[in-house]
Amino acid sequence: MFQKVLTVWYADSQANRRHNHLPNKILLPSDDLPMMPNNIKEMVMKFVHDTERIFGMEAQMINMTEAHPPREEIMSLQQFDEVVFAQQWRDLGKPFAEAYEKSHNGRFPPVRTFMREQWHMAENCSWTSKKFDEYRKLMEHTGDWFNGLMGRDEETCSKAILMEPMALNELPVYREREMTDMREPLAQRVNPILADVPSSIAGCPHYVVPIGQVPFKSLVSEQEEMQTVSMSLIAYPGCDFMLLDLITKLNYAGVIQDVKTGLTAF
């Protein structure tokens, strides 16, 4: 369905790069594999091997810790958060807050605590045009490095597809932060690149697909429940349709299954 939505959304946009066939290389970060529980590792490797077999691809391990440039050369997560909320305050928060205060006797708008704190921090910092430009250049440099891992190809759009399990160190997630802080995560993460940040910095497509489920002891039900395990698929900027083509074909081949509603995904 999402493929149909994007087909209409992008239409003939130059932002969408065409591909004649799928890439022949998979990049699989190796940093977290040694510490990964066997049941999850087997699930991940089966997905990778099935993708290799069906499309004639070849998986190549990449140590992201070793591939990571010197930290002073790329944007840190803290810097990314700072510039995101600074831009948000400048372009959205400030005019919204001023308009709200004007019509509500000086009251600040009732946004959630985290957002209010970030906006006030941005308001109290000296964000000059020069500082925004420095952060923009740092973000571009970081994006160039990350996109260079996948590479650009005229035939396949992206030379490689980066695959890794999605944020196992953050699962399971509970509604109450206290419970999330108390829970035992599915796996540890030493990969220095957070799973959900690169695409925001580098502008590359990132899709997440469910590949299975594993049991865990719920702090709420106090029973064994099932947690869905998902896989990240990341490609070079503009290769959305190529990734969606891959996902559709994996679904047809039975490697990716449709999920259901209820207590379990499958």
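Only the coordinates and a few stated rules stand behind these numbers; no lab work does. Because the structure is a prediction, the values reported are computed rather than measured. Positions of Cβ are generated from backbone atoms using ideal geometry, with glycine treated the same way; all protein chains shown enter the neighbour counts.
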**Asked** What ratio of Cα Rg to 2.2 N^0.38 Å holds for the range 60-130?
**Response** 1.56
**Request:** Treat each spin label as a single point 7 Å out from the Cα along the C-beta direction, and report the ARG136 to TRP9 distance in nm.
**Result:** 2.5
**Asked** Of all DSSP beta bridges located in the chain, what percent are antiparallel, nearest 5?
**Response** 70
**Message:** Can you list residues from other chains, or at least 5 along the same chain, whose modelled amide H is less than 5 Å from the amide H of VAL229?
**Reply:** ILE211, GLY212, GLN213, VAL214
**Placed amide H near ILE62: partners under 5 Å, 5+ positions off or other chain** = LEU28, SER30
**Request:** Please go through the range 98-135 and write out the trypsin sites (Lys or Arg not before Pro) that DSSP classes as loop and that have at most 13 other C-beta atoms within 10 Å.
**Result:** ARG107, ARG112
**Request:** Enumerate the calculated ³J(HN,Hα) couplings along the range 31-41 in order (Karplus 6.51 cos²θ - 1.76 cosθ + 1.60, θ = phi - 60°), each rounded to whole Hz, writing x wherever the residue is Gly or Pro.
**Result:** 3, 9, 4, x, 9, 6, x, 4, 5, 6, 4
**Prompt:** Mind checking the angle between helix 129-150 and the chain's longest principal axis? C-alpha axes, 0 to 90 degrees, to the nearest 10.
**Reply:** 0
**Item:** Rounded to 10°, Cα long-axis angle of helix 113-124 versus longest principal axis of the chain
**Value:** 60
**Fill in**
Isolated cysteines for the chain, Cβ-Cβ cutoff 4.7 Å, are CYS125, CYS204
**Complete:** Using alpha carbon positions and the Kirkwood radius, the Rg to Rh ratio of the range 48-101 is 1.37
**Message:** Counting only Cα atoms, I'd like the Rg/Rh figure for the range 9-71, Kirkwood definition for Rh.
**Reply:** 1.11
**Complete:** Taking only C-alpha positions in the chain, Rg and Dmax in angstrom work out to 21.0, 65
**Sites ARG53 and SER221, calculated FRET efficiency, Cβ-Cβ separation with R0 30 Å, nearest 0.05** = 0.20
**Complete:** In degrees rounded to 10, the 0-90 angle between helix 77-88 Cα long axis and the longest Cα principal axis of the chain is 50
**Fill in**
Quick calc, the chain, dipole around Cα centre from Cβ unit charges on Lys, Arg (+) and Asp, Glu (-), nearest 20 debye, gives 540
**Prompt:** Most exposed first by the Cβ proxy, i.e. fewest other Cβ within 10 Å, how do PHE47, PHE216 rank?
**Reply:** PHE216, PHE47
**Request:** Take the Cα atoms of the range 56-202, build their convex hull, and give its volume per residue in Å³.
**Result:** 180
**Prompt:** Under a point-charge model restricted to the Cβ atoms of Lys and Arg (+1) and Asp and Glu (-1), what is the dipole moment magnitude of the range 5-70 relative to its Cα centre, in debye to the nearest 20?
**Reply:** 220
**Euclidean distance between Cα centres, the range 153-212 to the range 52-131, Å** = 18
**Message:** I need the Debye-formula profile for the range 120-172: one equal scatterer per C-alpha, no solvent, reported as log10 I(q)/I(0) at q = 0.14, 0.30 1/Å, two decimals.
**Reply:** -0.70, -1.08
**Fill in**
For the table LYS159/LYS249; LYS94/LYS131; LYS46/LYS217; LYS131/LYS159; LYS159/LYS260, the rows whose alpha-carbon distance is greater than 23 Å are LYS46/LYS217; LYS131/LYS159; LYS159/LYS260
**Asked** What do you get when you divide the Cα radius of gyration of the range 92-158 by 2.2 N^0.38 Å, with N the number of residues?
**Response** 1.77
**Prompt:** How high is the relative contact order of the chain, given as a whole-number percent (alpha carbon pairs under 8 Å, six or more residues apart)?
**Reply:** 25
**Asked** Once you have the alpha carbon radius of gyration of the range 141-266, what is it after dividing by 2.2 N^0.38 Å, with N set to its residue count?
**Response** 1.21
**Message:** Averaging the inverse of every distinct alpha carbon separation and then flipping it gives the Kirkwood radius. What is it for the range 142-184, in angstrom units?
**Reply:** 13.4
**Asked** Kirkwood Rh, Cα Rg: Rg to Rh for the range 116-213?
**Response** 1.06
**Message:** With n ≥ 4 as the cut-off for DSSP H runs, can you work out [θ] at 222 nm for the chain, using -39500 (n - 2.57) per run divided by the number of residues, rounded to the nearest 500?
**Reply:** -12500 deg cm²/dmol
